[in-house]
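Inspection log for the structure reproduced underneath, given as structure tokens.
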């Protein structure tokens, strides 16, 4: 595997930003780890960080590089600060950066596949929300999308007054419920036949488990192809390190 920190300028954000990238490498002499790479451009997983994290967190807290080594999978981990992966009302256009600019930049810099069947997105907590919002608003781009302990019902967080300064900066004072930022509303209004496969996992001791239950109910009403997993665990890296391996096993990677 090749592990790269890529610092680059974003025209959308108007600032320099970063992403961490794992690229597959076929190897035969590594001790203790196999390495594989497809003959053509490899499939790519966009792996999104949580509210308190950055573009380095998945490599610092999990063994993601080792987990993907024999799968021939590239992993792109961008940095979006505390934006919820949307165009902030009083801030920067992180939603546009993620959905439009980032894939273009990745395609310019790295030899990865741009085919829908080879493109996936996943994330934890805030990144779980970002992954599902990206997949629901751009279903043409992804074959599969996964959320780990996702903040999947941000409307309820806003209603409860959780982090009011953060929510006002990101979403403004307009109610999230029923808007383009409401995942449950996006499921209700969307065409399930166009959606990618979805995967959601959360721990029973996680305060966001109710979010997953509401998201799973909305997905069932919409007829979406969702695999929903609730098992013992908390909102922590022990759960995410274990569960990201399940997500990798679930991805529809071609042999």
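Give, as residue ranges, the strands (runs of 3 or more DSSP E) completely inside region 1-66 that count at least 1 residues that are farther than 30 Å from residue 87 by Cβ. Steps first, answer last, please.
On the way: elements: 2-10, 15-23, 44-48.
In region 1-66, 2-10 are the strands (runs of 3 or more DSSP E) which contain 1 or more residues that are farther than 30 Å from residue 87 by Cβ.
Name the residues in region 67-104 that are free of Cβ contacts under 8 Å to residues at least 60 places away in the same chain, crowded, with 21+ Cβ neighbours inside 10 Å and assigned to a helix (DSSP H, G or I), would you?
Of everything in region 67-104, those that are free of Cβ contacts under 8 Å to residues at least 60 places away in the same chain, crowded, with 21+ Cβ neighbours inside 10 Å and assigned to a helix (DSSP H, G or I) turn out to be 95, 98.
Give 145, 210, 216 a once-over and let me know the one that is at pLDDT 95 or above and under 19 Å from residue 47 (Cα atoms).
Of 145, 210, 216, the one residue that is at pLDDT 95 or above and under 19 Å from residue 47 (Cα atoms) is 145.
Applying the selection to region 104-119, what residues are under 18 Å from residue 8 (Cβ atoms) and in contact with a strand residue (DSSP E or B) (Cβ under 8 Å, 6 or more places away or on another chain)?
Listed by number, the residues that qualify are 105, 106, 109, 110, 112.
Which count do you get for residues in region 135-148 that are touching a helix residue (DSSP H, G or I) at 6+ places or on another chain (Cβ under 6 Å) and crowded, with 22+ Cβ neighbours inside 10 Å?
6
Taking the stated definitions as given, is residue 61 under 16 Å from residue 18 (Cα atoms), out of contact with any strand residue (DSSP E or B) (no Cβ under 6 Å at 6 or more places or on another chain), touching a residue at least 60 places away in the same chain (Cβ under 8 Å) and surrounded by fewer than 23 Cβ atoms within 10 Å (Cβ to Cβ)? If you could, list the steps in order and put the result at the bottom.
Details: under 16 Å from residue 18 (Cα atoms): no; out of contact with any strand residue (DSSP E or B) (no Cβ under 6 Å at 6 or more places or on another chain): yes; touching a residue at least 60 places away in the same chain (Cβ under 8 Å): yes; surrounded by fewer than 23 Cβ atoms within 10 Å (Cβ to Cβ): yes.
Taking the combined requirement at face value, the residue does not satisfy it.
Hey, does region 20-27 have a residue that's at pLDDT 95 or above, within 20 Å of the chain's Cα centre (by Cα) and under 30 Å from residue 89 (Cα atoms)?
Yes, region 20-27 has at least one match.
Which one of the conditions (1) touching a strand residue (DSSP E or B) at 6+ places or on another chain (Cβ under 7 Å); (2) crowded, with 21+ Cβ neighbours inside 10 Å; (3) under 17 Å from residue 130 (Cα atoms) does residue 239 fail to meet, given that it meets all the rest?
Status for residue 239: all satisfied but (3).
For residue 208, indicate whether it is surrounded by 19 or more Cβ atoms within 10 Å (Cβ to Cβ), touching a residue at least 60 places away in the same chain (Cβ under 8 Å) and under 23 Å from residue 64 (Cα atoms).
no
Only residues that are surrounded by 14 or more Cβ atoms within 10 Å (Cβ to Cβ) and part of a helix (DSSP H, G or I): list them for region 219-228, please.
Within region 219-228, 219, 222 qualify.
Could you list, in sequence order, all residues of region 105-124 that are out of contact with any helix residue (DSSP H, G or I) (no Cβ under 7 Å at 6 or more places or on another chain) and buried (at least 24 other Cβ atoms within 10 Å of the Cβ)?
Correct list: 120 only.
The values are calculated or read from the model by the stated rules, or taken from the named source; none is laboratory data. Remember, predicted model here, so these are calculated numbers, not experimental data. Neighbour counts are summed over all protein chains in view; Cβ atoms, including those assigned to glycine, are modelled from backbone coordinates with ideal geometry.
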